[in-house]
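The values are calculated or read from the model by the stated rules, or taken from the named source; none is laboratory data. This structure is a prediction, so every number in the text was calculated from the model and none was measured. Cβ atoms come from the backbone with ideal geometry, glycine included; neighbour counts cover every protein chain shown.
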Amino acid sequence: MVETFKQLIASQFEASLGTLGLCAAKCPDDLWNSPVAKYPFCQTAFHTLFFADYYLGSDPESHRRQEFHLANPQLFGDYEQLQEREPVSLYSRQQIEAYLKFCRGKAVATLAAETEQDLCAPARFPRRNFSRAELHVYNIRHIQHHAAQLILRLRLETDVDIPWVGAGWPAFLIPASSSASAS
């Protein structure tokens, strides 16, 4: 049962991240920095990936020590997403695509490594008083929430349509061979 759970959660992580990736890939240049609710499109995409990455970690301290973060200091700066202030940074499409690829690889690798004990253990994040298994579901819901905001913006302002991604990584977004070892 644990292996089945891990496989289905990994598949749903890929589907939700794939949906977010489709939004980024199909966003017209003139909307990239335009508002989606309170924040620019690119900032909403980054926020979504940032917290997907954050909650896929073992604890808050593990976040900043990752090789991807160390190799991309321009992306993370002072970690404004964790500050008690409004974020101001803007991100390029290439930065979002690279971070998406990293998060996809991290999700697949993290789920593959989880044990039943890990999944049943409490999540070690502030204000997240549930198990690590529930944290994964919460994380997927967060990705889908923001992907839906981006989809709505695209539908209201353009003729861009984002297809439903039911499970797994959408093959038409990024070929599996180029992103399978993203972490």
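Numerical summary
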item	result
Candidates 29, 118, 59, filtered to the one that is at pLDDT 95 or above and among the charged types (D, E, K, R)	29
Identity of the residue in the stretch 28-53, in contact (Cβ under 8 Å) with a residue 60 or more places away in the chain and of a type in the set (Phe, Trp, Tyr), that ends up farthest from residue 110 (Cα to Cα)	32
Qualifying positions in the stretch 1-42 - crowded, with 20+ Cβ neighbours inside 10 Å and β-branched (Val, Ile, Thr)	9, 19, 36
Residue within the stretch 82-98 that is part of a helix (DSSP H, G or I), at pLDDT below 95, farther than 20 Å from residue 162 by Cα and β-branched (Val, Ile, Thr) present	no
Filter result (outside any helix (DSSP H, G or I) and surrounded by 15 or more Cβ atoms within 10 Å (Cβ to Cβ)) within the stretch 59-81	63, 66
Failed criterion for residue 45 (all others in (1) touching a helix residue (DSSP H, G or I) at 6+ places or on another chain (Cβ under 8 Å); (2) of a type in the set (Gly, Ala, Ser); (3) surrounded by fewer than 21 Cβ atoms within 10 Å (Cβ to Cβ) hold)	(3)
Residue list for the stretch 87-129, filter: in contact (Cβ under 8 Å) with a residue 40 or more places away in the chain and acidic (Asp, Glu)	97, 114, 116
Residues located in the stretch 45-67, provided they are under 15 Å from the mean Cα position of the chain (by Cα), of a type outside the set (A, V, I, L, M, F, W, C) and over 15 Å from residue 97 (Cβ atoms)	47, 54, 55, 57, 63
Tally, over the stretch 19-39, of residues that are part of a helix (DSSP H, G or I), under 19 Å from residue 142 (Cα atoms) and out of contact with any helix residue (DSSP H, G or I) (no Cβ under 8 Å at 6 or more places or on another chain)	1
Count of the stretch 112-134 residues which are part of a helix (DSSP H, G or I) and over 19 Å from the mean Cα position of the chain (by Cα)	5
